[in-house]
1. Taking the simple approach of a point 7 Å from Cα along Cα-to-Cβ for both residue 193 and residue 294, what is their distance in nm?
2. Residue 268 to residue 138: extension gain in nm, 0.36 nm per residue of separation minus the Cα-Cα distance?
3. Please give me the summed charge of the neighbours of residue 91: other residues whose Cβ is under 11 Å from its Cβ, Lys and Arg +1, Asp and Glu -1.
4. So what is the relative contact order of the range 53-295, in percent, for Cα pairs below 8 Å that sit 6 or more residues apart?
5. How big, in percent, is the set of alpha carbon pairs in the range 53-295 lying more than 21 Å apart?
6. Residue 159: net charge of surrounding residues, Cβ under 11 Å, Lys/Arg +1, Asp/Glu -1, itself excluded?
7. How large is ³J(HN,Hα), in whole Hz, for each residue of the range 250-262 in order, when computed from phi with the Karplus curve 6.51 cos²θ - 1.76 cosθ + 1.60 and θ = phi - 60°, using x for Gly and Pro?
8. For a paramagnetic label modelled at 7 Å from the Cα of residue 93 toward its Cβ, which residues of the range 114-131 fall within the zone defined by backbone nitrogen distances under 19 Å?
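Read-outs throughout are calculated quantities, based only on the coordinates presented, and are distinct from any laboratory measurement. Since the structure is predicted, the reported quantities are computational estimates derived from the model, not experimental observations. No Cβ is skipped: glycine too gets one built from the backbone with ideal geometry, and neighbour counts run over all protein chains shown.
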Amino acid sequence: MRTALIAITEELQRLKAAGVSSVAVSEEGLQRLRAHAQVRRAIADGTTGSLPSATGLRSEPVAAPAKSPTVAPGALPLPAAPRIVLPAGDKAARWQALRAIVLNDAVCQAHVRLGKQVVFGVGNIDASIMFIGEAPGAEEEVQGEPFVGPAGQLLTKMIQGMGLKRSEVYIGNIMNWRPELPGGDGFGQVGNRPPTEAEMGYCLPYLRAQIELVNPVLLVALGKTAAEGLLGFRSFKTLGEVRGRWHEFAGRPLMVTYHPSYILREPTNRKKRMIWEDLLLVMERAGLPVTDKQRGFFQEK
């Protein structure tokens, strides 16, 4: 919707410069503009009523928490988390329906900067392993796909080290939009911030729905913020407390490990080995073959 608004604004400016004083607008177009304005008002007011949808599919609000967490700089107040209602159909059709709901979610759209995209999970919908990050970054909000920047390229190499292709696993984020920071030129931002508890709480039902549809054997949380979103905020102080051992989320085994960016900041064999040891546990739990060569990856000499 935001991309469409940019195009409309540019065209109206062109027509005005050409001397055109009025334009005809269809009833459908007016309804879409009113719906977008309603969303912006609802977010600004912190109301939790039912919000308009850009599709015929449904995502319904659930009860808001009694006390809203602190809003981070650049973040807007959020309505209640959605309750997803998918149409009947086979697995692929239901996944496409869920994708359409998320990409057209009015709240997600309202939080995406002009010219950027809402991000939905990608990969094999019959995957045994699902990797989960926290939120899109700069490259992800441009391409509309999780883990496509430098950290994503490293994740792809990690997956290949496990003897798999990226297309054989499923990759998603808890958040569907890049957490905003104040300032910028209206089309982008410099730097990232961790999503708030409220932001991840809004998007978490969409992640749960993907997990239910894909039905992986196990989950892998990448980084402290993703682990907090899945295990609960303030449930641990440092990632070292929870990484390298099994937990549970949505009725499935959950392994917590470091985010690939942890290696990018300091690419030592010691750090690589820490993540790799966690992935060896994932391979064994998923029933993947583990060779002696793989067991010896990144050993310090």
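1. Between residue 193 and residue 294, the simple spin-label model gives 4.1 nm.
2. Working: separation 130, 0.36 × 130 = 46.80 nm, distance 2.53 nm.
Full extension of this stretch gives 44.3 nm more.
3. -2
4. Numbers: 428 pairs, mean separation 48.2, N = 243.
Computed value for the range 53-295: 20 percent relative contact order.
5. Details: 16671 of 29403 pairs.
When every Cα pair of the range 53-295 is considered, 57 percent fall beyond 21 Å.
6. On the way: positive: 157, 165, 166; negative: 168.
Local net charge: +2.
7. 6, x, 10, x, 10, 9, 9, 9, 6, 6, x, 5, 4
8. Residues 125-126 fall inside that zone.
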